[in-house]
1. Name the residue that is nearest to Phe261 (Cα to Cα), counting only residues in the stretch 16-68 that are charged (D, E, K, R) and assigned to a loop (DSSP other than H, G, I, E, B).
2. Specify the residue that is surrounded by the fewest Cβ atoms within 10 Å (Cβ to Cβ); the eligible residues are those in the stretch 256-292 that are charged (D, E, K, R) and not in a helix (DSSP H, G or I).
3. Within the stretch 75-90, which residues are open to solvent by 20 Å² or more (accessible area, probe 1.4 Å) and under 21 Å from Val31 (Cα atoms)?
4. Out of curiosity, is Thr165 farther than 19 Å from Asn215 by Cβ and crowded, with 17+ Cβ neighbours inside 10 Å?
5. Going by the conditions given, is Thr247 at pLDDT 95 or above, under 23 Å from Asn109 (Cβ atoms) and hydroxyl-bearing (Ser, Thr, Tyr)?
6. Going by the structure shown, is Asp166 touching a helix residue (DSSP H, G or I) at 6+ places or on another chain (Cβ under 7 Å) and acidic (Asp, Glu)?
7. Restricting the search to the stretch 82-118, which residues are polar (S, T, N, Q) and touching a strand residue (DSSP E or B) at 6+ places or on another chain (Cβ under 7 Å)?
8. With the requirement that a residue be surrounded by fewer than 20 Cβ atoms within 10 Å (Cβ to Cβ) and at pLDDT 95 or above, what does the stretch 4-21 give you?
Amino acid sequence: MTAPLLRDVTLRDGLQLTGKVLPTERKVDVVRRLLAAGVPALEIGSMARPDLVPPMANSLDLIAALTPDELAKCWVWVATPRHVEKAAAAGARNFQYCFSVSDAHNMANIGRSTEASVAAMPDAVRVAREVGGELQLCLATSFTCPFDGPVDPARVLAIANDPRTDGAADIVLADTLGQAHPGQVSALVAAVRAQTPPRRIVFHGHDTWGMGVANTLAAVAAGATMVDGALGGLGGCPFAPGASGNTASEDILFATRPDWFTPAALASLVGLTEELLAELGEPNRSRTAEGARSKADAFEWVIR
């Protein structure tokens, strides 16, 4: 199995539930340390209203502080064409246009129906293309909704096949609540791959029920080539009751072993995770980070 491209989402989905705003300069430091360690892609912020999601308040400042080369590896969460315009004006070129498959969660998260989000997507694509950027279609609650329960896979396929979503370069399937199991993930990724327009498939998983790594591996085996994770398993959605941490980036990397991921890279990431989580007062949920601090010195991945 070819290792997927990891996108670390610590600075967006990871920070959302913390309630704390990291200073812009600290976020810049995190971006540069992640990139220096070898992480190939990052999600760095959101255009969500800062009164509703305070940790995202300085996202535009962060975008403006990064270089074009750095921003080429960074993604920004958007939910409207206006969001794309604002992020693009600051320098962003990669946009994750996100809405929920279930109407109830889309109303709670974005304040509009799923149909309204689909209808606005062509304008978001147009704005992204005008600045030479790319836009992803991100489908939150692709498996379950905290208000409506299980989500019919046919609804996911219908949105993916809607002509108004054609302009997306990628499609992100999000297990927002971490309630999916590997069989579900494999089936949905395979169906999207076989029955919708050709696009890179991205899997965004959470580890709420302990299936984060297993679901990620199932997604990759079924055709996903990019996967999301957050340092130490930080994060979750503030508008989805029951959504806890993302799948830990360290755990995904230890399971998938991309070429750049070495013991030295792991040590660098674990050190950054420990610093960041101490600042935020959050627990470290990564089993790989825990293992790296063990006493099994004969194992090359243990940090000495």
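The values are calculated or read from the model by the stated rules, or taken from the named source; none is laboratory data. Note that the structure is a prediction, hence the values are computed from the model and not measured. Neighbour counts run over all protein chains shown; Cβ positions are idealised from the backbone, glycine included. Accessible surface is based on the protein model in full, side chains and every heavy atom, while ligands, DNA and RNA are left aside. Shrake-Rupley method; radii C 1.70, N 1.55, O 1.52, S 1.80 Å.
1. Residues of the stretch 16-68 that are charged (D, E, K, R), as a first pass: 20, 25-27, 29, 32-33, 43, 49, 51, 61.
This time we only want the ones that are assigned to a loop (DSSP other than H, G, I, E, B), so: 20, 49, 51.
On the way: Lys20: 30, Arg49: 36, Asp51: 38 Å.
So, considering only residues that are charged (D, E, K, R) and assigned to a loop (DSSP other than H, G, I, E, B), the one nearest to Phe261 (Cα to Cα) is Lys20.
2. The initial filter retains those residues of the stretch 256-292 that are charged (D, E, K, R), namely 257, 259, 274-275, 279, 282, 285, 287, 290.
After this cut, where a residue has to be not in a helix (DSSP H, G or I) as well, the list is 257, 259, 282, 285.
On the way: Arg257: 11, Asp259: 7, Glu282: 20, Arg285: 24.
That would be Asp259.
3. Within the stretch 75-90, Lys86, Ala89, Ala90 qualify.
4. Details: farther than 19 Å from Asn215 by Cβ: yes; crowded, with 17+ Cβ neighbours inside 10 Å: yes.
Yes; evaluated as a whole, the condition is true for this residue.
5. On the way: at pLDDT 95 or above: yes; under 23 Å from Asn109 (Cβ atoms): yes; hydroxyl-bearing (Ser, Thr, Tyr): yes.
Judged against the criteria, Thr247 is a match.
6. On the way: touching a helix residue (DSSP H, G or I) at 6+ places or on another chain (Cβ under 7 Å): no; acidic (Asp, Glu): yes.
So Asp166 fails the test.
7. If we filter the stretch 82-118 for residues that are polar (S, T, N, Q), which is where we start, we get 94, 96, 100, 102, 106, 109, 113-114, 117.
Selection gives Asn94, Gln96, Ser100, Ser102, Asn106, Asn109, Thr114, Ser117.
8. Leu5, the sole residue that qualifies.
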